[in-house]
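Q: Once you've had a glance at the structure underneath, I'll fire off some questions.
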Amino acid sequence: MDCRVGSEGGGAWARRCRSPSRQILLGFQAEWHVRGLIYHLRRCHEHYSTFVGEVSARASAGASAIVMFAPSFQQMLFEFYALVNLARISLDNLRVYLRPLFVRSSHQLPKSVRDVLAGNSDCPVYTQLSDQPLLTYLLDLRNCLVHYRSFANRDNAIVRDENLKGELLKDADGDPFLTAMARAEFRRVGPNAISVNVLLPDRIFEEKTTGGGDRLAPFTYSERWNLLSMAKGFVELTAGALIATMHLLAHVDEPMFQFLAKSSRSRSNS
C-alpha cells in the first residue's frame, strides 16, 4: 500500500496507512524482527556456553594463557554480528511503522535512526531512545564492523588469565587478525571453578573534534563489557522500541508528532 501524501489531507493519509491490513502487516514485520533478535541471542548463548566449557577444561590444568582451536568462538561472533546488524536494521525501520503518526510526509524522517535522533522530535519512542547510552554503543559498534574493523579472526582463540601481566601476549595483541575485537579472559574463582568472560571494547571511536570524522579508539577493556550481556541489552532495547511503537499505532488515531532535522533548522534560520 502506497503511504505517500498526495492531495489528501494528513488525517486521511494516516487513516489509510492505519488500515487493518496495513496494521496486520506491520505487526507481523515487527514480530519477525523481535523473533530474529531472540534467535540470534539464544544461538550466541549456546556457542558462548560451549566456549566457556572448552576454556574451563584447559584452564583447570593451570595455564595462564591459552591458544586453542575454538570454532565455538567464531560461531558466537557470527551470531553476535548478525544480532548487531539486525538490531540496527530494526531501529532504522521504526520510521516505517511511525510515519503515519507524524504530521509531515514520511520522507521527512531520515532512514537512519542516528539521523532521526540528531534532529528534534516529540515522538516518545525517539525521545526514550535518545536517552539510552547503550544505543550509542550499538550504533558505533555496527558502524565499526561495517566500515572499519571486522570481528574476523583466525581459527585459534587466545584466552588469557585476566591477572596476566607482562609481555607474553604483546605481539599477538598487535595483530588485529590474530586477536579478535572481542577479548576472551578467564579467572579462577575457586579450587575447581573457572569464570570465563568475552569482553567488548570500552568504547569504539574517539571523541569527535570540530570538523573531524570518525576515528577508532584504542581498544581497552577496563569497563568489562561482557559480550553476552551487551547482546541481551541490544535485544531488550530494540524489542522495547518496537513494542512501544506498536502501542502508539494502536492508540493514536491522528498524526500528532513533529520532526525537525538539524539541516532544516539551519536553512530556516538562514
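Q: Highest mean first, how do 217-228, 130-141 rank when packing is the count of other Cβ atoms within 10 Å averaged over residues?
A: In decreasing order of mean packing, 217-228, 130-141 become 130-141, 217-228.
Q: Please report the net charge: other residues with Cβ closer than 13 Å to the Cβ of P71, K and R +1, D and E -1.
A: Net local charge, P71 excluded: -3.
Q: Would you calculate the convex hull of the Cα atoms in region 59-98 and tell me its volume per residue in Å³?
A: Looking at region 59-98, the number lands at 92 Å³ per residue.
Each reported figure results from applying straightforward, stated rules to the coordinates on display, with no laboratory input. Owing to the predicted nature of the structure, the values given are computational and were not obtained by experimental measurement. Quick reminder, even Gly has a Cβ in these numbers, built from the backbone with ideal geometry, and neighbours come from all protein chains shown.
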